[in-house]
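Accompanying notes for the structure given below.
The values are calculated or read from the model by the stated rules, or taken from the named source; none is laboratory data. Since the model is a prediction, treat every value here as computed from it, not as a measurement. Every residue, glycine among them, receives a Cβ derived from its backbone with ideal geometry; neighbour counts consider all protein chains shown. What goes into the accessible areas is simple: the full protein's heavy atoms, side chains included, and nothing from ligands, DNA or RNA. Shrake-Rupley method; radii C 1.70, N 1.55, O 1.52, S 1.80 Å.
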Amino acid sequence: ARPVAPTASLLVRCVETIARNLPAVARSDPAGMARITPEHLVAVLTHDALGDSVESEDEVWGYVRDWCVGRRGDEVREVLPHVRFPTLATETLEQCENWAARVRMDADGVGALRELVAEARARSTPSETVLKTVGVTEDDLMEDTDIDGDGNGRRERGGGVMSLSPRVRMRVSPHGSSVRISSDGASGSRDRRPRAG
C-alpha cells in the first residue's frame with residue numbers, strides 16, 4: 001500500500017507543533033529530527049512559534065548542526081541561511097568551521113557555512129554594537145520590561161527595552177528574533193527571521 005500524502009493543513013499544524021516545541025521534539029525523537037526534509041526544517045526555522053520554544057540562536061544552531069551531519073551540501077545550503085549567524089555568541093561562531101571539519105561535512109555545505117560565518121563576522125548586529133558601546137550586559141536585558149515601550153503595562157520576561165540616550169532606544173525581543181533601534185521616535189527594525197504568513 002502506498003502512503004497517503006498528508007494534507008497541507010496537517011503539515012502546517014505539524015510544523016507549528018515542532019516549532020513551538022523544538023527542544024522537546026529534538027530530545028524525544030532525534031532520529032525523527034534527522035529525517036526531517038530541508039523544506040520542512042526551513043518551515044520550522046521561519047515559523048513565528050519558534051521564538052516561544054528556544055532561548056537563543058545558539059540553541060537553534062545546535063539543532064540545525066545536528067541535522068546537518070551526513071546531509072548533502074545542497075540540503076545544508078538550503079537550510080543554513082535560516083540560522084541567524086550574526087546573533088550567535090562569538091565562541092559559537094568561532095567553532096562553526098572547526099565543527100564542519102570534524103564531521104567531514106560535504107564541501108558544498110562547508111562552503112555555505114564559511115560564507116555565512118564570514119558575513120556574520122563582517123557585520124555586527126545592532127544590539128551587539130550598541131550594547132558594547134554603552135556597556136550594557138546581557139543580564140541587563142533579562143529583567144521584566146515593558147516590551148511595547150508605551151507604558152501600558154504589557155511586560156515580558158527576557159526581552160529588553162532600554163533607553164540608550166535621550167534620543168535612542170533599543171528593543172530586543174525575548175527570543176532574539178528582532179532588534180529595533182529607534183531614534184527621535186522613528187522606528188527601524190531588522191527582523192532576522194522571515195516569518196510564516
Residue satisfying all of: in segment 72-86; in a helix (DSSP H, G or I) and open to solvent by 10 Å² or more (accessible area, probe 1.4 Å); farthest from HIS47 (Cα to Cα) among these = ASP74
Name the pairs whose Cβ atoms lie under 8 Å apart, with the first residue in segment 27-39 and under 15 Å from GLY70 (Cβ atoms), the second open to solvent by 60 Å² or more (accessible area, probe 1.4 Å), and 6 or more positions between them or separate chains?
-> PRO30/ASP66; MET33/ASP66; ALA34/ASP66; ALA34/VAL69; ALA34/GLY70; PRO38/GLU78
May I ask you to verify whether ALA43 is buried (at least 17 other Cβ atoms within 10 Å of the Cβ), at pLDDT below 90 and part of a helix (DSSP H, G or I)?
-> no
ARG2 is checked against (1) modelled with pLDDT under 90; (2) among the charged types (D, E, K, R); (3) in a helix (DSSP H, G or I) and fails just one. What number does that condition carry?
-> (3)
Does any residue in segment 103-118 that is assigned to a helix (DSSP H, G or I) come within less than 7 Å, Cβ to Cβ, of a residue that is open to solvent by 60 Å² or more (accessible area, probe 1.4 Å) and not hydroxyl-bearing (Ser, Thr, Tyr) six or more places away or on a different chain, and which pairs are these?
-> ASP108/ASP74; ASP108/ARG77; GLY109/ARG77; ALA112/ARG77; LEU116/PRO81
